[in-house]
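This report concerns only the one structure given below.
Laboratory data are not the source of any read-out in this text; all were calculated from the coordinates shown. Because the structure is predicted, anything quoted here is derived from the model rather than measured. Every residue, glycine among them, receives a Cβ derived from its backbone with ideal geometry; neighbour counts consider all protein chains shown.
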Amino acid sequence: MTPVAGVERWEVLEKIGAYAASELEGEEAREAEQLIFDRPDYRRLADSYARMLVMLSTLGSEEVEAPEVVIGYAVRRAYASAFLRQAETFLGALGRSYLDALVYYFGLRPARPEGYGGGA
Amino acid sequence: MGPRGELIPDRREGSLSLNRGNRNLVVAASRGDVEAFAKLVRDHSGLVHRVALRMLGSDDAQDASQEVWVRVWRNIRNFRGESAFSTWLYRITVNTCLSIRQKESRRDERELGDEVPYLSEPSGGDADPEAATLNAERREEIQDALQHVRAEHRAALILRHMEGLSYAEIAEVLDVPDGTAKGWVSRGRAAMLVVLAEKNGLHRKREAGG
């Protein structure tokens, strides 16, 4: 295996990776092709990238099903949360009603002139 | 419905927009309809679990998937449809996984040795790369190698090469500029190959040593 010179190793590595992923065009693609043509170790690098990308893509396309426990948990939590929201709303409304009733019972509400829309 | 049994994002317009039925479910769920939410969970649980599995490995994927759906339910009222639901879901999934792996997010990329990394030919000399990928050992190697790639780069790599998203979509999911998304994918790809080659080299040495 041939040593890769200097600080540009990552750049070369990434450039050949981008070429293997068919993401280079024009001059950049030609530069990568030249590197691969000139150096057998870069050719092998490009082959390795291609193999890795196929493996990633194949693995990515494999069917993965979430465990039923995940789905059950999510739905149960949503039901519980919705129930609590409704209970909160209901109890809030009930509390307000009781408060209104108490206010009415003890005559705490200031008297307002009654109007029926009929004008003064 | 796709082969995974989940709703397929409509890519005709180059985005992850979803069909009308799905949009209706999102609207209903955002109004507190648990039945609609349950349908969304069933339709998209595969996507969430798949990404969590790739991001975190099997030990943490289940907890992460559950946490994602808790966050989705909690925040769906704030979903305004400015981005596609699937983009929003990818974003919550990736963010949840990143927060679980927060401690490792500063992990430095592997040092690149003096040699050009490479993967050996699949045993048996099979030229068909797809055949090699079916090997369970390879699958495990990939999953393991992914965990050694820096978290943001891993996320970008997974979204690009395993989920098939465009760079614009990745940028939207990760909430970074397009150029950053591209850089992260590139760096993740290189780092992944370095890790795989290391593992491959160790494997070759073990085999040579008998």
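Shielding by partners for peptide B:154-161, expressed as the average number of C-beta atoms from other protein chains within 10 Å of each residue's C-beta, is 2.
Provide the packing ranking of A:30-42, A:9-21, A:78-90, i.e. peptides ordered by the mean count of other C-beta atoms within 10 Å per residue, highest first. Before the final figure, lay out each step's value.
Details: A:30-42: 14.8, A:9-21: 20.5, A:78-90: 12.7.
Listed from highest to lowest mean packing, they are A:9-21, A:30-42, A:78-90.
Taken one residue at a time, the phi angles of region B:182-199 give Karplus couplings (6.51, -1.76, 1.60, θ = phi - 60°) of 5, x, 5, 4, 4, 5, x, 4, 5, 4, 4, 5, 4, 5, 4, 5, 4, 5 Hz. Gly and Pro are set to x.
Can you tell me which of B:84-97, B:64-77, A:59-72, B:148-161 comes out highest on packing, and rank the rest after it, using the mean Cβ neighbours within 10 Å?
Numbers: B:84-97: 22.6, B:64-77: 20.5, A:59-72: 15.8, B:148-161: 24.4.
Top to bottom by mean Cβ count within 10 Å: B:148-161, B:84-97, B:64-77, A:59-72.
Across peptide B:175-185, the mean count of Cβ atoms from other chains lying within 10 Å of each residue's own Cβ comes to 1.
Peptide A:39-48: average number of partner chain Cβ atoms within 10 Å per residue? It would help to have the intermediate numbers written out before the result.
Working: counts 1, 1, 4, 2, 2, 6, 7, 1, 4, 10.
Per residue, the average neighbour count from other chains is 4.
Counted as membrane-span-like here are DSSP H helices of chain A whose alpha-carbon atoms extend 30 Å or more along the helix's own axis and whose Kyte-Doolittle mean is 0.5 or above; there are none.
In chain A, helical runs assigned H by DSSP with n ≥ 4 each contribute -39500 (n - 2.57); averaged across all residues and rounded to the nearest 500, the mean residue ellipticity at 222 nm is -24500 deg cm²/dmol.
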